[in-house]
Amino acid sequence: MPIFPYNSLPKSPTFHFEKFQSYNSHQTRPGSHRWKNAKKGLQFTVMTVGCPGLGRTTFINTLCEKSVLPAVEVGSPETAHEEQPMTFKPYNVEMEEDGIKIAFTVIDTPGFGNGVNNEEHFKQIVHYLESRYEETLAEETRIKRNPKFKDNRVHALLYFITPTGHGLRELDIKLMKRVGNRVNVIPIIAKSDSLTVNELRDFKKRVMEDIDQFRIPIYNFPYDAEEDDEETVEENKELRNLLPFAIVGCEEEVMHDDGSLLRVRNYPWGRVEIDNTEHCDFARLRFMLLNSHLSDLKEITHDILYENYRTEKLSDEQTGEPMAVDA
Ligand SMILES: Nc1nc2c(ncn2[C@@H]2O[C@H](COP(=O)(O)OP(=O)(O)OP(=O)(O)O)[C@@H](O)[C@H]2O)c(=O)[nH]1
Ligand SMILES: [Mg+2]
């Protein structure tokens, strides 16, 4: 499996919360100043992109464990045929994982891929991601820093794949290729409960073959077998093998026999338990995103993706050539 683009770039070490917690201000690691605000909450931003109705809203609410977004935004039938422009909707949620406060921002992109002008949507998303880099670059080059500056860079983009069973569609390939050098793309299979166990296994395989064939740069849990500890290597291998994460979202809870609450989707023939790793990959995705790999996603964003943008931008300024628009 290719590790593009991360294996062709300087390796970013994988940091975990335990290691992160033990960091102190004497650390000489470049960029360690970014953790100073940990008490106020680590800023972590995720963007959700996928075709209409794939369950983005439900997923965000499931992820945040509360109703961050209105469950279903019902449009009126009279205006249903009208083209809805894609919008960027940020939602801020205060979270806490393992005693660490996370100032979590989810940016949803309703209207993406409505089939009318997808090319325009690709450009808008790249522009959004680059504008956040631009803000950081402007702040870094100021003589006097703004102590209230908020880092709005997007650390991960969750791309919702339609569970067709046939592999990636052109739209999926194009979007992921366009944004892959600006953000950590994490592919996920939306509504994976619509596939049987065998269909899901084959679909995952096909999606990864497409990602490989079309050289789509995704976040594939990079590790260095020689430098990283055994545990990290094993964990990353396992998560890489799960890609693309098969997820199921729900807004319903039922009481388990032991009195605990279970998040489920009920069907006439049975129920899907969202947090059951036998049923879907939601719990593993959530843990890696908000806990085990949060720091790594931030590190890669800063040390590799942003750094590349910065280098391109500054060298273009020197040569006088304008930077290619979302190449
Ligand atoms: N089978 C199944 N249905 C789901 C899942 N997640 C959400 N749904 C249902 O799919 C419908 C659309 O879900 P939303 O969360 O509103 O989807 P969305 O992507 O936010 O939709 P738009 O914002 O309109 O683009 C709702 O009826 C949900 O209950 C899932 O994992 N499996
Ligand atoms: Mg929605």
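Just so it is clear, none of the values below were taken in a lab; they were calculated from the coordinates. All of these numbers come straight from a predicted model, not from anything done at the bench. With ideal geometry, Cβ positions are generated from the backbone for all residues, glycine too; neighbour counts draw on all protein chains shown.
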Practice task
Pop out the ³J(HN,Hα) list for the stretch 134-141 in order, Karplus 6.51 cos²θ - 1.76 cosθ + 1.60 with θ = phi - 60°, rounded to Hz; leave Gly and Pro as x.
Solution key: 4, 4, 5, 4, 4, 5, 5, 8
Problem - Along each principal axis, Cα extent of the stretch 133-278, largest first, Å - result: 64, 42, 36
Problem - Those GluC sites (Glu not before Pro) in the stretch 188-259 that DSSP places in a loop and that have at most 16 other beta carbons within 10 Å - result: Glu226, Glu227, Glu251
Exercise for the section: Show the residues, 5+ positions off or on another chain, whose built amide H is closer than 5 Å to the amide H of Ala246. Expected result: Ile189, Asp281
Problem - Cross-link table Lys148/Lys237; Lys66/Lys177; Lys66/Lys123; Lys148/Lys174; Lys148/Lys313; Lys123/Lys298, entries beyond 28 Å C-alpha to C-alpha - result: Lys148/Lys237; Lys66/Lys177; Lys66/Lys123; Lys148/Lys174
Exercise for the section: Express in whole angstrom the spacing between the alpha-carbon centres of the stretch 116-150 and the stretch 270-322. Expected result: 16 Å
Handout entry: Amide H within-cut-off set for Glu97, under 5 Å, with H built and near neighbours excluded
Key = Ile102
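Could you list Ser260, Ser194, Ser315, Ser295 in order of exposure, starting from the residue whose Cβ has the fewest other Cβ atoms within 10 Å?
Details: Ser260 8, Ser194 14, Ser315 11, Ser295 21.
Ascending Cβ contact count within 10 Å gives the list Ser260, Ser315, Ser194, Ser295.
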Exercise for the section: May I ask you to sort Phe44, Phe287 by Cβ crowding, counting other Cβ atoms within 10 Å and putting the fewest first? Expected result: Phe287, Phe44
